[in-house]
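The structure appears right after this line, and notes come after that.
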Amino acid sequence: MNKQTTIKNPIISTYIKDFIEKYEITSNKAKDEHSIFESYINDLILTLYGNDPNASFYDMETKTAFGIDGVAIFVADKFVKSIEDVDDVIQNTKRFEVEFYFSQSKTSDLFNRTEINDFFTGIRRFFNFENCEIPELKEFWETAKYIYTKASKFKQPPVLNTIFASLSPNDINLSDPHLKSAVDLGINDLVDLGMFNKVLEPQFLGLKRIMELHRKINSDLEIVVNMTKTPVTYPKDVTGKIKNGYYGLIKLEEFIKILTDEVSGKKILRKGIFDDNIRYYLGSEEKIDVNYNIKNQLLGKNSYLFGVLNNGITILGDEINLNSEEMTLVNYQIVNGCQTSNVIFEVLDELKQQEDVYIPARFIATNDEETKNDIIKATNSQTTLKPEQLAALAPIQKAIEEYYKSKRQNTGFKLYYERRTEQYRDENIPKTKIINIPFQIKSTSALFLNLPHEVSGQYGKVEKKTRGLLFNNESDFGFINVYYASGLTWYKTERFVLNNYDRKYRRARWHIMMLVRYLCCKNKIVSNKIDKISNKNSELIEKVMLDEVKSNEILDCAIQIINRCLLKQNPNLSIDEILQDRKLFERKETTDILLEYVENMESATN
């Protein structure tokens, strides 16, 4: 257990305080800044390298694991925490990529050789699939072991990333022969496992590098590119919804600037720029003609014809300004051309100096959400869109967003609905108070549909399980309070569990939400669909959740019901032993047992 630490560097201390506010971490838990620093670094890693808005630094935690403070596993760009997550991601994918991230964070003012040794040793021990040598990492270990049983579907063996952070004012001194030897031996041991396509150079983050990365993720996304071929200006939009627009040819090397960023000396894909793209990148090695042809066109003898044969890119931005040959893009996203972009990045190392390769591109500046949606739909019209991809574009989404806004004004409680990824990027809003579409689906399904066991997995799986039950554009407009009450209850439940109970109860949070409805609506008729009855019940739930004392009492009562019910089912085990079962709350049986227990409680009361 780490002793309580106070960070003395005033800049990092400010970062940590901002982090505490951003995630509403209680003052009691925030006292130990060493633990908070570990969480901060893990959050930094997910923000920089992740492309999954549902991933949380809490999911990277390793407790007291030897040498390792954080683990993140990405399969096909999705953060996975379990074997079930892996299956959900790869079930419709012929080939996929895997990346592992391991972190260690120290609040000392140096890079300690012994601690670095322990870090590499811990990672090496993690990949011993004969035996789980670090019990605290068992869930990560089981997931990683399972991934390797799917090796025949790898595009290439996994990539291993290692990140060691400290508060050293200086970069790591690899001219020290002992320190260099420790690092080299650690890397070589991992390479010798023969399990990775690449073991990337370790990233050693000192004060300067942490500050640099912090600025990178907290500043506006802005890039300047050179348009050697003067683009055509779109006619002025008389409605004012489109600020300006351009159509033209952008040189491949300039487009690569839009696509990539540099972190620790290597180019990474700016994955956040695809958040609004409603196509899924399938990979150029798939049996998919379009992506395969894109790759061949880029690397073939006639690469100069690439721009003629390609449909082009559409980029939306908050601001897009052309000054002579220089075009400035601010807070931009690629909404059509995701596949082309990813193939270009995939073959980046193979591309030669291809000066004659140009790509057709549209650049459109607008802040109007409906206009953005119309552009996204129109530019992706040739692709069959998945229902989960269309969810963000449904008309009811705007109504839900406006309803949350009206509740902020009427109740004074600040809760925000994020219909579009990074919608509140420039506003100083705690991340915990932003409800995105996946969590709206999960929370409503748990609270009003009695489906808490179905919502712990990947978004695509959850959407499929609840398809047709939510976001009905014809009937649900009259019952939008159901969605608001669900988001509010999710927020209250998550904060209460994290601040008052062991993290093991995080797995139970959807079942806690399910019980909240029955506790708030005693002796009331309940309906397991979005209708007038559920809307009426949502008003009762909302009233309780907006009262801090009452909501805490209800949530604590729900947890005690879960404890009593589980102990009754398992009389020979302690509650801690029961909660060790990581699949407990993914089983419909657990939901049924809890519902029966609550029903019997109500019958006994009456």
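The values are calculated or read from the model by the stated rules, or taken from the named source; none is laboratory data. The model shown is predicted, which means the values in this text are computed figures rather than measured ones. Note that each Cβ is placed from the backbone with ideal geometry, even for glycine, and that neighbours are counted across all protein chains shown. To get the accessible areas, we keep the full protein, side chains included, count just its heavy atoms, and leave off ligands, DNA and RNA. Shrake-Rupley method; radii C 1.70, N 1.55, O 1.52, S 1.80 Å.
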> Which of the peptides 224-234, 93-103 is most tightly packed, and how do the rest follow, judged by the mean count of other Cβ atoms within 10 Å per residue?
Replying inline: 93-103, 224-234
> Between Val263 and residues 5 or more places away or on another chain, which pairs have amide H atoms under 5 Å apart, with H built 1.01 Å from N, and which residues are they?
Replying inline: Ile268
> Ranked highest first by the average count of other Cβ atoms within 10 Å around their residues, in what order do 123-134, 529-540, 330-341, 436-447 fall?
Replying inline: 436-447, 330-341, 529-540, 123-134
> Among all lysine pairs in the stretch 25-133 that are eight or more places apart or on different chains, how many have alpha carbons less than 19 angstrom apart?
Replying inline: 7
>> Quick check for you: with a 1.4 Å probe and neighbouring chains kept, what is the accessible area per residue of the chain, in Å²?
In response: 46 Å²
> Mind ordering 56-63, 142-149 by average Cβ neighbours within 10 Å, highest first?
Replying inline: 56-63, 142-149
> Considering amide H positions built from the backbone, and no H for Pro or chain starts, which residues 5 or more places from Leu174, or on another chain, come under 5 Å of its amide H?
Replying inline: none
> What relative contact order, as a whole-number percentage, does the chain give when Cα pairs under 8 Å and 6 or more residues apart are counted?
Replying inline: 10 percent
>> Under 14 Å between alpha carbons, and skipping anything fewer than 8 positions from Lys543 in its own chain: which aspartates and glutamates qualify?
In response: Glu553
> Could you name the lysines in cross-link range of Lys241, using Cα to Cα under 16 Å and dropping any fewer than eight places away on the same chain?
Replying inline: Lys372
> Is the chain best put as rounded, prolate or oblate by its Cα gyration tensor, with a ≥ b ≥ c the root eigenvalues, rounded for a/c under 1.5, and otherwise prolate when a/b is larger than b/c, oblate when not?
Replying inline: oblate
> Each residue of the stretch 499-504 in order: what ³J(HN,Hα) in whole Hz does its phi give by Karplus 6.51 cos²θ - 1.76 cosθ + 1.60, θ = phi - 60°, with x for Gly and Pro?
Replying inline: 8, 10, 10, 4, 4, 4
> If amide H atoms are built 1.01 Å from N in the plane of the peptide, which residues on other chains or at least 5 residues away come under 5 Å of the amide H of Ser105?
Replying inline: Asp69, Ala165
>> Please compute the contact order of the stretch 10-216 in relative form: average sequence separation of alpha-carbon pairs under 8 Å and at least six residues apart, divided by the residue count, as a percent.
In response: 20 percent
> Among all the aspartates and glutamates, which ones have a C-alpha under 18 Å from Lys524's C-alpha, if same-chain residues fewer than 8 places away are not counted?
Replying inline: Glu539, Glu542, Glu596, Glu599, Glu602
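With a 1.4 Å probe and all protein chains left in place, how much of the accessible area of the stretch 10-216 comes from carbon and sulfur atoms, in whole percent? Don't skip to the answer; put the middle values down first.
Working: 4030 of 8660 Å².
Of all accessible area on the stretch 10-216, carbon and sulfur atoms account for 47 percent.
Give, rounded to the nearest 20 debye, the magnitude of the charge dipole that the chain has about its Cα centre when Lys and Arg contribute +1 at Cβ and Asp and Glu contribute -1 at Cβ.
The calculated dipole for the chain is roughly 980 debye.
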>> Past 21 Å, Cα to Cα: identify those pairs from Lys243/Lys433; Lys377/Lys461; Lys150/Lys198; Lys568/Lys588, in the order given.
In response: Lys243/Lys433; Lys377/Lys461
>> How large a share of the accessible area of the stretch 389-604, in percent, is made up of carbon and sulfur atoms when the probe is 1.4 Å and the other protein chains stay in place?
In response: 48 percent
> When all protein chains stay in place, what accessible area (Å², nearest 10, 1.4 Å probe) is found for Leu252?
Replying inline: 10 Å²
> Can you work out ³J(HN,Hα) from phi for every residue in the stretch 507-516, in order, using Karplus 6.51 cos²θ - 1.76 cosθ + 1.60 and θ = phi - 60°, giving whole Hz and x for Gly and Pro?
Replying inline: 5, 8, 5, 6, 6, 4, 4, 4, 5, 4
> From the phi of every residue in the stretch 205-220, what ³J(HN,Hα) in whole Hz does the Karplus formula 6.51 cos²θ - 1.76 cosθ + 1.60 yield, where θ is phi - 60° and glycine or proline is x?
Replying inline: 9, x, 4, 5, 5, 5, 5, 4, 5, 4, 5, 4, 7, 10, 9, 4
